[in-house]
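Worksheet: one structure, shown below.
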Amino acid sequence: MQIFETLKADHENFKKLMEQLLATPPDDNSRTDLITQIRNELIPHVRAEEAVLYNTMRSMDVGEDAVRDSYREHMEIEALLRTLREKDTLIHEAQKTAENLKGVLLHHIEEEEGKVFAIAQKIFTPEESEMLNHAFVELKHRVGEESDLKTTLEYIANLMPPRFSNIFRGKKQSA
Ligand SMILES: [Fe+2]
Ligand SMILES: [Fe+2]
């Protein structure tokens, strides 16, 4: 399996979860669990996507603008997700934030598949795309077990040029 198939399958899952969230009234008890589920599936996806796909592309100097936009959108998605988790008791705000998140997420998925994947599919061989898939699946699983603080630090590390991010990660581990 190539990384693009795995990522697209995740994207389809996010679209379904967002539909489910918007169909769940803010005062419904299941909403908190659903938001937690979205967080627990979305954050490992974006973090592993950055580390495995975006950073490999950056190291090859391809798709610079598209990748930079995607990083920014990940940050926007995470900010909305945080707001959604914090303000879930305010019914009006909660629904507005859920709609915003859906809008930003759908836009991101469209741009990512249409621009980032389109560029990546031209530069990676099928074998390389399979290797990236293995790395993505493995890393996603690992990120899933990390705390919010750790995943935020990983976001910062992923944004750095590799030689700096390695130092940053090294320091973090020994701290
Ligand atoms: Fe993605
Ligand atoms: Fe993404």
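The values are calculated or read from the model by the stated rules, or taken from the named source; none is laboratory data. Because the structure is a prediction, the values reported are computed rather than measured. All Cβ positions, even for glycine, are placed from backbone atoms using ideal geometry, and neighbour counts span all protein chains on display.
Scan region 12-43 residue by residue and report those that are within 11 Å of ligand 1 (Cβ to nearest atom) and either more than 18 Å from the chain's Cα centre (by Cα) or surrounded by 19 or more Cβ atoms within 10 Å (Cβ to Cβ) (or both).
14, 42 - these are the residues of region 12-43 that are within 11 Å of ligand 1 (Cβ to nearest atom) and either more than 18 Å from the chain's Cα centre (by Cα) or surrounded by 19 or more Cβ atoms within 10 Å (Cβ to Cβ) (or both).
Just one of the numbered conditions (1) more than 16 Å from ligand 1 (Cβ to nearest atom); (2) in contact (Cβ under 8 Å) with a residue 40 or more places away in the chain is not true of residue 145; which one?
(2)
Identify, from the list 102, 122, the residue that is within 16 Å of ligand 1 (Cβ to nearest atom), modelled with pLDDT of 95 or more and either assigned to a helix (DSSP H, G or I) or in contact with a Pro (Cβ under 6 Å, 6 or more places away or on another chain) (or both).
On the way: 122 fails: within 16 Å of ligand 1 (Cβ to nearest atom).
Step by step, each of 102, 122 is checked, and only 102 is within 16 Å of ligand 1 (Cβ to nearest atom), modelled with pLDDT of 95 or more and either assigned to a helix (DSSP H, G or I) or in contact with a Pro (Cβ under 6 Å, 6 or more places away or on another chain) (or both).
Being within 22 Å of residue 135 (Cβ to Cβ) and away from ligand 2 (no atom under 12 Å from the Cβ) is true for just one of 39, 31, 58. Which residue is that? If you could, list the steps in order and put the result at the bottom.
Numbers: 39 fails: within 22 Å of residue 135 (Cβ to Cβ); 31 fails: within 22 Å of residue 135 (Cβ to Cβ).
Within the list 39, 31, 58, the selection yields 58.
Please specify each residue of region 20-44 satisfying the condition of being in a helix (DSSP H, G or I) and farther than 15 Å from residue 148 by Cβ. Can you show your working first?
Of all residues in region 20-44, those in a helix (DSSP H, G or I) come to 20-22, 30-44.
Within region 20-44, 20, 21, 22, 30, 31, 32, 33, 34, 37 qualify.
What are the residues in region 101-129 that are more than 16 Å from ligand 2 (Cβ to nearest atom) and exposed (fewer than 15 other Cβ atoms within 10 Å of the Cβ), if any?
At the first step, the residues of region 101-129 found to be more than 16 Å from ligand 2 (Cβ to nearest atom) are 122-129.
If the condition is that a residue be more than 16 Å from ligand 2 (Cβ to nearest atom) and exposed (fewer than 15 other Cβ atoms within 10 Å of the Cβ), then 122, 123, 125, 126, 127, 128 are the ones that fit.
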